[in-house]
Amino acid sequence: MNRTTIRKHTFLILFRAEFHEESELKEQSELYFKSEETAGISEEDADVIRERVALVQEHLTEIDEKISQISEGWDISRLGKVELSIIRLACFEIMFDELVPTSVAINEAVELAKKYGGDDSPSFVNGILAKLV
C-alpha cells in the first residue's frame, strides 16, 4: 500500500475519532477495519495505519497547541472536523515524521481537503499549514 492510501485511511480514522470519546478510539479503529472500505487491506498495512493513528494521538496536545498558535482567530473547537483532522495529520507529519517531506505533507493534506472537505477547505488547510512552516 502506498503512503497516500495509508494517509487517507489514517485521516478517516482520525476523523471518525472526532465523533467519539478518546477512550473509544481503539474500538472505533477496529470497527473501521471491519468496514467494506477497508476490504483488501493487509494486516501489515492495517498495523502501519494503527501505528500512525496512535502516534498522532500521542502528540495531539502538542499538535493542537501549535494549531491554536497559528490559526489566529480560530479556536480549534470552531474548526470543521474534516479540516481539523487533516491539519492534525499534516502537522504530525511536518513536526514529527522525518520520513515525510514538508512539501509532501502539505500537498497531500490539500488533496485530502479537496476530496473530503468543502469548497474552501483546500485553501484553508493550505493557509494554516503554510503558517506552520
* Could you pull out the residue among ILE41, ILE6 that is of a type in the set (A, V, I, L, M, F, W, C), closer than 21 Å to SER103 by Cα, out of contact with any Cys (no Cβ under 7 Å at 6 or more places or on another chain) and at pLDDT 90 or above? => ILE6
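Where in the stretch 46-133 are there helices (runs of 4 or more DSSP H), lying fully within it, with 2 or more residues that are out of contact with any Asp or Glu (no Cβ under 8 Å at 6 or more places or on another chain), without any contact (Cβ under 8 Å) to a residue 12 or more places away in the chain and under 22 Å from GLU22 (Cα atoms)?
Working: elements: 60-70, 81-96, 102-116, 121-132.
Output list reads 60-70.
Would you confirm, using the coordinates I've provided, whether ARG88 is farther than 21 Å from ASN126 by Cβ, basic (Lys, Arg) and at pLDDT 95 or above? Reasoning before the result, please.
Working: farther than 21 Å from ASN126 by Cβ: no; basic (Lys, Arg): yes; at pLDDT 95 or above: yes.
No: the conditions fail for ARG88.
Matching residues to (1) surrounded by 14 or more Cβ atoms within 10 Å (Cβ to Cβ); (2) small (Gly, Ala, Ser):
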site	(1), (2)
GLU83	yes, no
MET95	yes, no
GLU98	no, no
PRO101	no, no
GLU108	yes, no
LYS115	no, no
SER121	yes, yes
ASN126	yes, no
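Working carefully through the options GLU83, GLU37, GLU65, GLU93, find the one that is in contact with a helix residue (DSSP H, G or I) (Cβ under 9 Å, 6 or more places away or on another chain), over 22 Å from MET1 (Cα atoms) and not aliphatic (A, V, I, L, M).
Working: GLU37 fails: over 22 Å from MET1 (Cα atoms); GLU65 fails: in contact with a helix residue (DSSP H, G or I) (Cβ under 9 Å, 6 or more places away or on another chain); GLU93 fails: over 22 Å from MET1 (Cα atoms).
The unique qualifying residue is GLU83.
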* Breaking point among (1) of a type in the set (A, V, I, L, M); (2) at pLDDT 95 or above; (3) over 12 Å from the mean Cα position of the chain (by Cα), for VAL56 -> (3)
* **Every residue from the stretch 113-128 that is closer than 16 Å to ILE76 by Cα and small (Gly, Ala, Ser)** => SER121, GLY127
* Some residue of the stretch 56-79 being exposed (fewer than 12 other Cβ atoms within 10 Å of the Cβ) and hydroxyl-bearing (Ser, Thr, Tyr) -> yes
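The values are calculated or read from the model by the stated rules, or taken from the named source; none is laboratory data. Remember, predicted model here, so these are calculated numbers, not experimental data. All Cβ positions, even for glycine, are placed from backbone atoms using ideal geometry, and neighbour counts span all protein chains on display.
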